[in-house]
Number of protein chains: 4
Amino acid sequence: MRHKDDNKNQAICDAAIELITKNGFADTSMSKIAKAANVSPATIYVYFENKEDLLNKLYLFVKQEMSAELLNGVNSNQPIEESFKIIWNNFYNYAVENPIRFAFTEQFANSPMIANCRWESMEFFRPLVELFERGKQQKVFKDISLEIFKAFTFAPLMGLIKEHLNGEIVLDKKALETTYEIAWDAITN
Amino acid sequence: MRHKDDNKNQAICDAAIELITKNGFADTSMSKIAKAANVSPATIYVYFENKEDLLNKLYLFVKQEMSAELLNGVNSNQPIEESFKIIWNNFYNYAVENPIRFAFTEQFANSPMIANCRWESMEFFRPLVELFERGKQQKVFKDISLEIFKAFTFAPLMGLIKEHLNGEIVLDKKALETTYEIAWDAITN
Amino acid sequence: MRHKDDNKNQAICDAAIELITKNGFADTSMSKIAKAANVSPATIYVYFENKEDLLNKLYLFVKQEMSAELLNGVNSNQPIEESFKIIWNNFYNYAVENPIRFAFTEQFANSPMIANCRWESMEFFRPLVELFERGKQQKVFKDISLEIFKAFTFAPLMGLIKEHLNGEIVLDKKALETTYEIAWDAITN
Amino acid sequence: MRHKDDNKNQAICDAAIELITKNGFADTSMSKIAKAANVSPATIYVYFENKEDLLNKLYLFVKQEMSAELLNGVNSNQPIEESFKIIWNNFYNYAVENPIRFAFTEQFANSPMIANCRWESMEFFRPLVELFERGKQQKVFKDISLEIFKAFTFAPLMGLIKEHLNGEIVLDKKALETTYEIAWDAITN
DNA sequence: AATGAATGAGGATTCATTCAT
DNA sequence: AATGAATGAATCCTCATTCAT
């Protein structure tokens, strides 16, 4: 018996993410993924039940990876603002260093495929939610809902990053700092 | 020569938007659109060159319709804030009253299909851009770029509306007001 | 608008029946049928919903055709025996002249695909059932069920015809006559 | 060298027969057989050369088993009629107690897969043929061919059993007796 | 203008089989 | 002997589009 080849699995995932990001869901077929991954179409079905399963696992995988990067350097002994700023920069860095994966999650999140798969319900985003709660308790953050919090922190950041990656604007460190300040003011007392 | 039938055109557009929003691009074929519009597949090609053309025209059509609604009641003699607030509420009302069209544009905007089709380059969004410029000149708005302006006004609002339409939160008039205030503070001096 | 081409329909049916008879269900794919019928695979789906639909319609079509041939020359004013003998010979002639269609129905009838599709429930076989009932009333036939009647008339005949068509035996007019007499004796008082 | 495992062989055969009977040849793949037999697909190829080999061996295996049951209690010192009646009842009992295997052989026999595999050529059915010859010599049976003999004995019986197993009729001991009498009369002087 | 028929190309998935352990 | 991984070929079917009317 052969054992499953982790390289193959990774090759399939990478190929799928890249193709989807470049050409969209509609134009990304299992055969194309297979070809890009240098694998037989049938082999994909050794690792994933079907296309939907592949897509879902892909999304979860990237989100998980992203969340790990996001929380890099964060701990609960830091002042709220320090943690927040680290996350803010981590987010920017992850997106800029992994533009394809970032674009992939954005496209995925806005498709009807995973309407029911909420951000904060994911285990690996919990630390972020807890940070927010702690900030509220410490009266650092305004008394607003998590959703409004996100709406004035990550939503603007993500929008700007998208435009940056599309080449529509340049979001350099300085612009990032400006944006950070506006966001911070918007959510703090 | 007979005239093209506006009803048919409209039926095709409506069917396409609804199907795409409900099932995604990948599951929306020309035949399905035709069937949903009570029209022959061949008929679609009387009104649109091909699928890509249909999709693009669809997007432009909805965006145009949306922009008209957005500016409803706005004129350049009003104070900046009044105009802005009207637009803010128009946006909310349009999205809530046309959830399918709103979801359609969101899905479309995040797909690679129209990466090169910028918002403010569209003729019909010009009044909004002009309002922003006027606000900056009058020192009402901070001296920030249009993109940052959007990032702290429409981006948060759209995110919250999406969650509202998905049933994840309730964005009532009161919550809308709260959000408005945060946004207004974020972009004004 | 083009109108449906009866030749195409017929070509598909003929090709399907021939392939199935020659190679069996398992080896008869839609593409092979299409190729044999000189038609695109997609064209089959203009005439039939899917493979199952094609197969069922095929079976009904052949059975109907067969029943029409069977009753050729039969009328309710004839003596029972005359009618019966005509049907007997019609059956033989049909099978010998249409060996492929005959083999097709036999293969089909013994597959689990149409377990629920009973012979005599088909409208077009009714006259045969009625002949049997009349014969019983007139005390020509024994007082047995329709199933037993079939078991000693058509079942033996079909079995022998199959062997004849397979080249295992020769069922000439004389042997047919012998068989007829045994069958007739078996079911009559 | 380890021995081949008879349990595995049996499990594969049973699974194959059941699946084919339930779903037909077309829907019975090697993987499905393997899964149903709790065995790896590759394991099947330890016991059988390929799919065709498996199917043929399956058919022969069941036929052999069946013939052994058929002749149970028969010996050449009995009167012809006694032997015949025993076989008749054995047949019925086998079919009713092994409906799946019985249905399997029927389906198989009517498919083009084994068109060339004649009944009486099989070694294990020889005693039955010999009984027939002896009956003819003793002038018990009519002077008819083996095929006609079968046509009025086993063919009717098999047809009725099939309908019985399909739930279309009830073939109880009494009906079986009636049928037996008709058959016996049909083939005896 | 409008349309159902027609189609080659391609969709997702499963096939029978072999490989490497 | 036994097996899960691996696969090219084939499965059914749908696609975007064009044709003929």
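Here, each number is a calculation from the coordinates, and none is a lab measurement. Just so we're clear, the structure is a prediction, and the values are computed from it rather than from any experiment. Note: ideal-geometry Cβ built from the backbone for every residue, glycine included; neighbour counts use all protein chains shown.
Only one of D:T188, D:T105, D:T178, D:T153 is under 15 Å from the mean Cα position of the chain (by Cα) and farther than 30 Å from C:N23 by Cβ; which? Before the answer, list the steps.
Numbers: D:T188 fails: under 15 Å from the mean Cα position of the chain (by Cα); D:T105 fails: farther than 30 Å from C:N23 by Cβ; D:T178 fails: under 15 Å from the mean Cα position of the chain (by Cα).
Residue meeting the stated conditions: D:T153.
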Could you list, in sequence order, the residues of region A:130-189 that are farther than 17 Å from A:L70 by Cα and in contact with a strand residue (DSSP E or B) (Cβ under 8 Å, 6 or more places away or on another chain)?
A:G135, A:V140, A:F141, A:K142, A:I187, A:T188, A:N189
Among the listed residues B:K142, B:K150, B:K174, identify the single one that is of a type outside the set (A, V, I, L, M, F, W, C) and buried (at least 18 other Cβ atoms within 10 Å of the Cβ).
B:K150
Taking region A:179-189 as the search range and keeping residues that are within 7 Å of another protein chain (Cβ to nearest Cβ) and touching a Lys or Arg at 6+ places or on another chain (Cβ under 9 Å), which one is farthest from A:N89 (Cα to Cα)?
A:A186
Pairs please, first residue from region D:148-164 and in contact (Cβ under 8 Å) with a residue 40 or more places away in the chain, second anywhere and aliphatic (A, V, I, L, M) and outside any helix (DSSP H, G or I), Cβ atoms under 7 Å, 6+ apart in sequence or on different chains.
D:I161/D:L171; D:H164/D:V170; D:H164/D:L171
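I need the full set of residues from region D:23-57 which are under 30 Å from D:P127 (Cβ atoms) and within 14 Å of chain C (Cβ to nearest Cβ), in order please.
D:E52, D:L54, D:L55, D:N56
If you check A:S76 against the conditions, is it hydroxyl-bearing (S, T, Y) and either within 16 Å of DNA strand E (Cβ to nearest atom) or over 24 Å from A:P127 (Cβ atoms) (or both)?
On the way: hydroxyl-bearing (S, T, Y): yes; either within 16 Å of DNA strand E (Cβ to nearest atom) or over 24 Å from A:P127 (Cβ atoms) (or both): no.
The answer is no for A:S76.
What helices (runs of 4 or more DSSP H), lying completely within region A:118-178, carry at least 2 residues that are within 14 Å of chain B (Cβ to nearest Cβ) and within 20 Å of A:E81 (Cβ to Cβ)? Lay out the reasoning, then the answer.
Details: elements: A:126-137, A:146-151, A:154-165.
Where helices (runs of 4 or more DSSP H) fall fully within region A:118-178 and carry at least 2 residues being within 14 Å of chain B (Cβ to nearest Cβ) and within 20 Å of A:E81 (Cβ to Cβ), they are A:146-151, A:154-165.
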